[in-house]
Every structure is written in C-alpha cells, then in structure tokens.
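Have a look at the structure below, then the notes.
The values are calculated or read from the model by the stated rules, or taken from the named source; none is laboratory data. Note that the structure is predicted; figures quoted are calculated from it, not measured. Counting neighbours? That spans all protein chains shown, and the Cβs are built from the backbone with ideal geometry, glycine included. The protein model used for the area step is the full one, side chains on, heavy atoms only, and it has no ligands, DNA or RNA in it. Shrake-Rupley method; radii C 1.70, N 1.55, O 1.52, S 1.80 Å.
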Amino acid sequence: MTGELLGSGRSADVYVIDDDWVLRRYRDGGDATAEAVVMAYLAQHGYPVPLLQDPEGSGQSAAPRTDLVMQRLHGTSLLHALLQGVITAEEAGAQLADLLHRLHSIPARVCADPAFRILHLDLHPDNVMLASGRPVVIDWCNTEEGPPGLDRWMSALILAQVAVGNSALAAPARAVLASLLGHLGPVIALGDTDSGCLAEARRRRAADPSMSEHETQLLDSAVELIRELTPTGP
Ligand SMILES: Nc1ncnc2c1ncn2[C@@H]1O[C@H](COP(=O)(O)OP(=O)(O)O)[C@@H](O)[C@H]1O
Ligand SMILES: [Mg+2]
C-alpha cells in the first residue's frame with residue numbers, strides 16, 4: 001500500500017506514508033541496503049540526512065531491499081528555493097560547498113585509506129531539501145568511498161552541464177557553479193590530483209545510462225566552463 005506520490009526522480013519514486021514518513025522505492029528494483037547503512041552512519045555523525053525508520057535493517061527479509069522508509073522532510077529543494085527567489089545563487093553555491101566540506105570531514109566507514117571519505121556523487125541543488133530552513137541531503141544511491149575531490153568535481157560537473165545547455169536553468173546553474181567553485185576555493189584548484197578526479201568525474205558522467213546523448217555531448221564544454229570559473233588561487 002502506497003500513498004500519494006510526493007516526488008519522482010531519475011531512479012526512484014517517493015510516496016507519502018503519513019505526516020512523518022515517506023517511502024522511497026526504486027523503479028528498477030535496485031537495492032537500497034547499502035545506502036541505508038551509509039545514511040544511518042552519517043546521521044550518527046551529525047550529518048543532515050533524513051532519518052531512517054529502521055536504521056538497523058531489522059525488519060528486512062532476504063529479498064532485495066528496494067524500499068526505504070525515511071523521515072518526511074517538509075520543505076522544498078534548494079533548486080526550487082533558488083528558482084522562487086527564496087535564496088540567491090551565491091547562497092546555494094555556499095550551501096553545496098559547506099555540505100561537501102562537512103561530509104568529507106567525517107571518517108570513512110570501511111576504507112582504510114586515510115585520504116578516502118564517504119562521497120555522495122550526486123550532490124546537486126535538487127538533492128538538497130530545505131526543511132525548516134535547514135539543508136538536508138537526500139538521494140544517496142550513488143554513494144561510495146573515495147577521494148573527496150571526485151565528489152567536488154561531480155557536483156561541479158553536474159551544474160556545469162546544465163550551465164552550458166540551453167534550458168531556462170542554464171543561467172542560474174552557472175551562477176551556482178561560480179559560487180560553489182569560489183567557496184571550495186583552494187581545495188579545488190586544478191592541481192594534478194584534482195584534475196585526475198575531474199577526468200574521473202567526466203568519465204563517470206559519460207558512462208551514466210540515465211543521461212541523454214545531448215547531455216553527454218555537453219561534457220567537453222562543461223569541463224571547459226569549470227576551468228574558466230575555477231579560482232586559480234595564490
Ligand atoms: N525524505 C523526503 N521527504 C520528502 N520528500 C522527499 C524525500 N526524499 C525524496 N523526496 C522527494 O522525492 C524526489 C525524488 O527523490 P530522490 O531521492 O532524489 O530520488 P531520485 O534518485 O529518483 O532523484 C525528491 O526530489 C523530493 O522531491
Ligand atoms: Mg534526486
């Protein structure tokens with residue numbers, strides 16, 4: 001039994017259960033077990049994620065866990081807040097930079113490599129919800145552990161692809177990207193290591209089956225725009 005459809009993204013549908021809870025269900029039958037473990041870990045470390053109803057997975061059967069029951073967030077996404085003029089592009093970029101920074105200051109859960117952290121890998125303004133003015137990060141289906149630079153460049157690349165497209169979102173996306181890159185500052189300067197992460201982010205975006213051919217074609221100009229807008233530092 002599912003209630004009203006609250007939201008629908010590229011991979012999942014989210015239904016109302018009641019005022020406090022929603023059900024997120026993968027349309028393709030994907031398994032949400034791994035992301036549930038990561039979300040519970042991040043919540044324990046004080047990171048803003050929706051709380052899970054069953055963080056231990058105790059009610060779980062042997063069947064793939066396509067469903068997640070989580071805290072219902074009452075509010076709008078950062079993207080909508082931006083388009084409605086509730087926040088500025090400068091503020092949206094600053095929020096994204098802060099959320100990335102806070103995520104990457106939490107120790108990795110499984111990886112022994114001291115440089116590795118938990119990555120979101122899809123942290124863009126439609127995956128941040130403002131609930132009572134507080135940003136909460138949703139949509140952890142791509143999460144894995146790795147170098148934080150990869151996460152930063154994924155966020156930048158997602159925005160840059162929109163910025164170089166011809167939709168109505170191009171101008172706001174460019175402004176948010178400029179703010180994000182400015183706030184990430186020296187940590188995202190195009191040193192050897194970081195440009196390796198940018199190349200990896202580009203490779204992953206190109207291999208993403210949910211992207212249209214048109215979106216894939218924009219990757220070169222997107223990388224170019226990132227290079228143009230990245231502060232060079234001292
Ligand atoms: N915890 C939540 N509370 C309220 N709405 C949510 C919640 N999680 C997701 N949504 C809504 O459902 C939409 C899709 O969820 P999301 O996890 O981003 O899935 P997708 O991978 O399909 O993008 C979101 O954009 C948002 O509108
Ligand atoms: Mg989403």
Which residues, taken from region 204-213, are out of contact with any Lys or Arg (no Cβ under 6 Å at 6 or more places or on another chain) and touching a residue at least 40 places away in the same chain (Cβ under 8 Å)? Arg204, Arg205
When Leu68 is run through (1) buried (at least 17 other Cβ atoms within 10 Å of the Cβ); (2) within 27 Å of Asp208 (Cβ to Cβ); (3) modelled with pLDDT of 95 or more, the failure sits at (3)
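Please work out if Cys141 is of a type outside the set (Ser, Thr, Tyr), in contact with a strand residue (DSSP E or B) (Cβ under 8 Å, 6 or more places away or on another chain), closer than 25 Å to Pro48 by Cβ and at pLDDT below 95.
On the way: of a type outside the set (Ser, Thr, Tyr): yes; in contact with a strand residue (DSSP E or B) (Cβ under 8 Å, 6 or more places away or on another chain): yes; closer than 25 Å to Pro48 by Cβ: yes; at pLDDT below 95: yes.
The answer is yes for Cys141.
Quick check, is Pro50 part of a loop (DSSP other than H, G, I, E, B) and modelled with pLDDT of 95 or more?
Values: part of a loop (DSSP other than H, G, I, E, B): yes; modelled with pLDDT of 95 or more: yes.
Considered against the rule, which asks whether it is part of a loop (DSSP other than H, G, I, E, B) and modelled with pLDDT of 95 or more, Pro50 comes out as yes.
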Restricting region 7-56 to residues that are surrounded by fewer than 16 Cβ atoms within 10 Å (Cβ to Cβ) and acidic (Asp, Glu), the one nearest to ligand 2 (Cβ to nearest atom) turns out to be Asp13
Has region 82-99 got at least one residue that is acidic (Asp, Glu), modelled with pLDDT under 95 and either open to solvent by 50 Å² or more (accessible area, probe 1.4 Å) or in contact with a helix residue (DSSP H, G or I) (Cβ under 6 Å, 6 or more places away or on another chain) (or both)? no
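Got a number for residues in region 105-127 being within 13 Å of Leu150 (Cα to Cα) and either in contact with a His (Cβ under 7 Å, 6 or more places away or on another chain) or open to solvent by 20 Å² or more (accessible area, probe 1.4 Å) (or both)? Can you show your working first?
Taking region 105-127 as the starting set, the residues that turn out to be within 13 Å of Leu150 (Cα to Cα) are 115-123.
From the residues that got through so far, the ones that are either in contact with a His (Cβ under 7 Å, 6 or more places away or on another chain) or open to solvent by 20 Å² or more (accessible area, probe 1.4 Å) (or both) too are 115-117, 122.
Final tally of qualifying residues: 4.
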Reported set for region 214-229 where residues are free of Cβ contacts under 8 Å to residues at least 12 places away in the same chain and open to solvent by less than 50 Å² (accessible area, probe 1.4 Å) is Thr216
Filter region 168-211 down to the residues that are at pLDDT below 90 and of a type in the set (S, T, N, Q), then identify the one that is most open to solvent (accessible area, probe 1.4 Å). Thr193
Go through (1) at pLDDT 95 or above; (2) open to solvent by less than 40 Å² (accessible area, probe 1.4 Å) for His74 and report which single condition fails. (2)
Could you list, in sequence order, all residues of region 128-142 that are open to solvent by 10 Å² or more (accessible area, probe 1.4 Å) and within 8 Å of the chain's Cα centre (by Cα)? Ile138, Asp139
